[in-house]
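What follows draws every value from the coordinates through simple rules; no lab data is involved. Nothing here was measured: the structure is a model prediction, and the numbers come from that model. With ideal geometry, Cβ positions are generated from the backbone for all residues, glycine too; neighbour counts draw on all protein chains shown.
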Amino acid sequence: MTIRLKHLYISPDHNYFGRHGKGALDYAIEEKQSIECVAGKGIVDDRFFDYEPDYKGQITFFDWVIYERVRDEIVKGSLSPSAFRRNVIVEGVDLNELIDKRFTIGDLEFTGSCECKPCYWMDQACAPGTHEFLKGYGGLRARIVKGGELKIRDYDLNVIGEIEPEISND
């Protein structure tokens, strides 16, 4: 299966994460032509790099098709794919199918941890109604098993197999 990496993003700090009741911040999200993924740590220079041991969101993915639907059906106007604050915007795969799976993108290997559940901040980042619209389609949180460089281009995506599902309290 082919997967197209359309956009790559990092951000030095959190605008929304951990900000409940405090208001959003305004850290830029930077678009990159390539990102360096480090096994067990995350993406170099990103806000979640080495966040905590075995963190389930070392890298996040978001579906281009869902971006287009939010832009066209909810925002009904201009919207940058960076608004979702996910690291990798992809085309060509249903990200929900990668939850609890071990998979490769090129030479890099990942495990799909869980849905990157949307939060109420999505209504501020995009438009009112985005939070509800994205439930079940918020993207994918993943761990980096084998690191390396990801670039904006097409890759072979291979699902290696199942992993033990996580027990979630959220």
_Using the Cα centre of the range 2-162 as the reference point, and only Cβ charges (+1 on K/R, -1 on D/E), how large is the resulting charge dipole? Debye, rounded to the nearest 20._
260
*Karplus (6.51, -1.76, 1.60) ³J(HN,Hα), θ = phi - 60°, over the range 87-101, in Hz, Gly and Pro reported as x*: 6, 10, 9, 10, 9, x, 8, 7, 4, 4, 6, 9, 5, 6, 10
*What pairs from Lys117/Lys151; Lys76/Lys135; Lys32/Lys146; Lys41/Lys135 go past 22 Å between their alpha carbons?*
Lys117/Lys151; Lys41/Lys135
*Dipole-positive endmost among Leu157, Leu108, Ile35 within the chain (Cβ charges, Cα centre)*: Ile35
*For Rg and Dmax of the Cα atoms in Å, the choices are (1) 20.1, 63; (2) 15.5, 49; (3) 15.1, 43; which was calculated from the structure?*
(3)
*asked:* Can you compute 3J(HN,Hα) from phi for each residue in the range 51-62, using the Karplus curve 6.51 cos²θ - 1.76 cosθ + 1.60 with θ = phi - 60°, rounded to whole Hz and x for Gly and Pro?
replied: 4, 7, x, 6, 4, 6, x, 4, 8, 10, 10, 9
*Taking amide hydrogens as modeled 1.01 Å from N in the peptide plane, which residues meet the under 5 Å criterion relative to Phe49, leaving out close sequence neighbours?*
Ile43
*Please list 39-46, 65-72, 80-87 highest first by mean number of surrounding beta-carbon atoms within 10 Å per residue.*
80-87, 39-46, 65-72
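If you take the beta carbon distance between Val38 and Ser78 as r and set R0 to 35 Å, what does 1/(1 + (r/R0)^6) give as a FRET efficiency, to the nearest 0.05? Spell out each step's value before the answer.
Working: r = 34 Å, r/R0 = 0.97.
My answer for the efficiency is 0.55.
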